[in-house]
Structure formats: C-alpha cells, structure tokens
1. Using the Karplus curve 6.51 cos²θ - 1.76 cosθ + 1.60 with θ = phi - 60°, work out ³J(HN,Hα) for each residue of region 145-161 in order, rounded to whole Hz, and write x for Gly and Pro.
2. Grab the beta carbon distance between Arg158 and Ser51, set R0 = 35 Å, and tell me the FRET efficiency rounded to 0.05.
3. Given the Cα-Cα distance of Glu136 and Glu92 and 0.36 nm per residue of separation, how much length would full extension add, in nm?
4. Using a Gaussian network model of the chain whose springs link C-alpha atoms within less than 10 Å, name the residue from Val72, Val18, Val101 with the highest mean-square fluctuation.
5. Can you tell me what share of the DSSP beta bridges in region 4-164 is antiparallel? A percent to the nearest 5 is fine.
6. What residues have an amide H closer than 5 Å to that of Val31, excluding those fewer than 5 places away on the same chain, when H is modeled at 1.01 Å from N in the peptide plane?
7. Each residue of region 60-65 in turn: what ³J(HN,Hα) in whole Hz from Karplus with 6.51, -1.76, 1.60 and θ = phi - 60°, glycine and Pro shown as x?
8. Once amide H atoms are placed 1.01 Å from N in the peptide plane, what residues at a sequence separation of 5 or more from Val101, or on another chain, have their amide H within under 5 Å of its amide H?
Amino acid sequence: MSYYAVIRGPLGVGKTTVARAVTAAIHGHLVSIDSILDRHGLEEWEGGYISVRSFLRANDFAISEAEPLLSVGTPVVLDGNFYHRAAIDDLERRLAFPHEVFTLTAPVSDCIERDRHRAPSFGEEAVREVFAKVSEVEYGVVVDARQPLADTVTAIVRRLDEVARPPPTMK
C-alpha cells in the first residue's frame, strides 16, 4: 500500500534534513515544495509571506510528481513550510492516498541558531516571521525536532508504518 508524508514546520527547524532521512528510511521519493517554488518561479508575495496562491500552484507540480509514484507503490515525502492551512487541505483533498502530516517543532532560538549555520542563511528576522506564520496552523502529528535525528526519523517511520498498514479484513 502506498502512502505519503508531509513534513512541515518553521524555517530552520530541520525539515529538509528530516525529510531526506525519512525518505531514505522508507525507500521513497522526496518532493521539495521550496524547490518547486524556485524552479517554476512561483513565489508571489502577499503581506510579507509567499501567497497561498503560490503554494496552491506548487501543489499542482507536487501532485503531478507524486501521484504516478504513489500509483505504483512508491512512498512520497513532501517537504515544506505549509504555513497556509489551505495548501495542506488542497493537497489532502487532491492526493487521495493514505498519509500523515508531521509538524516539526523547536523553540525559535533553536531555529535561528540552525539558520546561522547554513548557507545561505535567511537571517533572524525571516526565521522569526516564518516561525510565527507556521505556528498559526496547528496540524498533524507534532514532533519535537530537538531530539536526535535518528529518534525523530524513527518516530515518523513508526507512525508511517501504521498509516501504510492495510485495515483488518472482516470475516
């Protein structure tokens, strides 16, 4: 049975690191919403944030990439901030496969520190703004990203094993 996972959370929380590790652990395929936005020039700004319309358009590309893989049994991991609830709802409505959404959390100070150590750094102000926006949407299984990477991946993979398990048959 095929399934997908959404890994969401604020800037600097470790989404991409976790998504790559989960993808490897489940022998799946990674779809990066940030890469789609960049590759297709979809970033339209509204009120200081990437617009919901941009994310809905990115979903079109993500779904066209994920659906054929899911149809042949390849699990898919989608990595992105998903700070607009409408983007999550749209994805769930249109990508009709078993799935789970995971929200990675850590204090904003941890996210700022992680951002400082990557290139390019987005800066403290951007981290704080995205952190606030992502925090407005409470959704999915909350995973504390402060724990060791292996523990985070294990927790997510265990939950995905439950999602992938077919329902018991009635006799």
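Just so you know, all these numbers are worked out from the coordinates, no wet-lab data involved. Just so you know, these numbers come straight off a predicted model, no measurement behind them. Glycine also receives a Cβ, built like all others from the backbone with ideal geometry; neighbour counts cover every protein chain displayed.
1. 7, 7, 6, x, 3, 4, 5, 4, 5, 4, 4, 5, 5, 4, 5, 5, 4
2. Numbers: r = 35 Å, r/R0 = 1.01.
Result of the calculation: an efficiency of 0.50.
3. Values: separation 44, 0.36 × 44 = 15.84 nm, distance 1.89 nm.
The Glu136-Glu92 span can extend by a further 13.9 nm.
4. Val72
5. Working: 2 of 19 bridges.
Once the DSSP bridges in region 4-164 are tallied, antiparallel ones form about 10 percent.
6. Amide H to amide H, under 5 Å and 5 or more residues apart or across chains, Val31 pairs with Val77, Leu78, Asp79.
7. 4, 5, 4, 5, 5, 7
8. Val6, Val141
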